[in-house]
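Here the structure comes first, spelled out in structure tokens, and everything after it is commentary.
The values are calculated or read from the model by the stated rules, or taken from the named source; none is laboratory data. The structure displayed is predicted, hence computed values, not measured ones. Note: ideal-geometry Cβ built from the backbone for every residue, glycine included; neighbour counts use all protein chains shown. Heavy atoms of the whole protein, side chains included, go into the accessibility calculation; ligands, DNA and RNA do not. Shrake-Rupley method; radii C 1.70, N 1.55, O 1.52, S 1.80 Å.
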Amino acid sequence: MRIEVVTGTDTDVGKTWGTAALAARALVAGLRVHVDKPVQTGVAPGEAGDVETVWDLVAAAAASGALDAAAPARLTVSEGARVGPAMAPVDAVAHAGEGTPPLPPLGEQLGRWRGLAAGVDHLLIEGAGGITVAWTEADEGPVDAVRALRAAGLDAGLTVVARPGLGTQNHARLTVEHAAARGVAPERILVSGVAADPDPVERANLVFLARLAGAHGAVLE
């Protein structure tokens, strides 16, 4: 059983689409997949969140013939917590005001992940925002999640989703070097939204990202 924590170089870089692509790959291999969002912000009760988007993308791929028709049946999804304001999780709780439940501590999330992982072959955990955005009041985020999972004896790694356009060289390098400095070098840099015919900027950025990935033992996809 494999666990993959998915983070990004920034918000709105395509983490959800990247997570859906990783889920689809595992489903093609015949694996049972679960996608979890520890903290979902910016979505009202009853509205579809990121994990529902992942499921819808997989279902659409199956309907188009890109995946086998049984693939969606091997995919399950969940959320750990939901906070209405479209802000970083800690800020969202503070802005939501009195009566808003506190964010689940990392130990509670870890217990959830252990339970979720017990019934599947591949667990994907999609974070909120970029790599330094905290999921808990104790300022813990994706790197802390990977470290906690590994300390619990689970096979866990980090995937970084990056955009191909201007700014990605700075954001990607800061993200990867931050994670590596804390002992969790990413295993994969996943570029989301590359044009069918990349322009010179995207081509140069893909070369840069390939070098960055290679320098840290990661793969570029």
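Measuring nothing but how far apart in sequence close Cα pairs (under 8 Å, 6+ apart) lie, relative to its length, the chain scores a relative contact order of 28 percent. Among the GluC sites (Glu not before Pro) within the stretch 75-182, those in coil by DSSP and having at most 13 neighbouring Cβ atoms inside 10 Å are GLU98.
Solvent-accessible area per residue in the stretch 91-221 equals 46 Å², computed with a 1.4 angstrom probe and all protein chains kept. Computed in the context of the full set of protein chains, the accessible area of the chain at 1.4 Å probe radius has 55% of its extent on carbon or sulfur.
The residues of the stretch 21-85 expose, per residue, 43 Å² of accessible area to a 1.4 Å probe. Build a GNM of the chain with springs between Cα atoms under 10 Å apart, and of GLY18, GLY80, GLY141 the one that fluctuates most is GLY80. In a DSSP loop and with at most 12 other Cβ atoms within 10 Å, the GluC sites (Glu not before Pro) in the stretch 1-78 are GLU47. Where Lys and Arg each count +1 and Asp and Glu each count -1, what net charge lies around THR175 among other residues with Cβ under 13 Å from its Cβ? Residues near THR175 contribute +3 overall. Dividing the summed helix terms, -39500 (n - 2.57) for each DSSP H run of n ≥ 4, by the number of residues in the chain produces a 222 nm estimate of -12500 deg cm²/dmol to the nearest 500.
Return the whole-Å distance between the Cα centroid of the stretch 156-182 and the Cα centroid of the stretch 77-127. First find each Cα centre; the distance between them is then 22 Å.
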